[in-house]
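What follows is a single structure, written as structure tokens, with notes after it.
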Amino acid sequence: MAGKVFFSVSMSLDGFIAPESPEELMGRLWMELQQWIFPQRFFRENLQLGEGGEEGRDNDIVRETFERTGASVMGKRMFDAGEQMWPEEAPFHTPVFVVTHEKRDPWERPGGTTFHFVNDGIESALDQARQAAGDRDVRIAGGGATILEYVNAGLIDEFSIALSPVLFGSGIRLFEGVDAARLALEPAGAEPTSRATHLTYTVRKR
């Protein structure tokens, strides 16, 4: 049986998931937004940030998200930013399909991550990701514009938000431009921790 298509993001209390400018990634506000995840043991080990770290429910959520993912899809903006920041052994360890207009050969990294560049649309990228994932899930990794494209195309089954106790004021809103008339949400989980509130929703057509 094919797995689900989902996304999982951190979001500020005022609805933002990233700064407007890629140059502001890793800046103060973005670091505050992600402050719940950086201390987690699984995250630190996967990004080779060093040994140790926290091992509570937040850590379990990071690990569970990683383990359910058989392939990822991302936009070119996220890939460009990540190409500069990820370690040589990129943190996905599965196939990743990059939606882009660029024609480029697959880029294989140590540790099992291979980036495939798809220039014939989001549905083609998802079809290829589904095949690669087998019975595991496909994660739409980001960024915000790519997630919104999949939401508006009715291709998302489920999503999770780590609601972080920070205000952005401006930036990229998760649901800016969403086709709300086509979609309905059903709560599937709400789990507060000392660092964030983890919300999960299933998505259906109205």
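Odds and ends about this structure:
- The set of residues from region 108-130 being within 15 Å of V73 (Cβ to Cβ), open to solvent by 60 Å² or more (accessible area, probe 1.4 Å) and in contact with a strand residue (DSSP E or B) (Cβ under 7 Å, 6 or more places away or on another chain) comprises Q128, R130.
- Which listed residue, of I140, I156, I161, is in contact with a helix residue (DSSP H, G or I) (Cβ under 6 Å, 6 or more places away or on another chain), modelled with pLDDT of 95 or more, part of a strand (DSSP E or B) and among the aliphatic types (A, V, I, L, M): I140
- Residue match in region 68-79 (condition: under 23 Å from I161 (Cα atoms), out of contact with any strand residue (DSSP E or B) (no Cβ under 9 Å at 6 or more places or on another chain) and touching a residue at least 40 places away in the same chain (Cβ under 8 Å)): no
- Residues of region 46-66 classified as of a type in the set (D, E, K, R), open to solvent by 30 Å² or more (accessible area, probe 1.4 Å) and under 18 Å from the mean Cα position of the chain (by Cα), total: 3
The values are calculated or read from the model by the stated rules, or taken from the named source; none is laboratory data. This structure is a prediction, so every number in the text was calculated from the model and none was measured. Backbone-built Cβ (ideal geometry, glycine too); neighbour counts: all protein chains shown. Remember, those area values only see protein heavy atoms, side chains included, never the ligands or the DNA or RNA. Shrake-Rupley method; radii C 1.70, N 1.55, O 1.52, S 1.80 Å.
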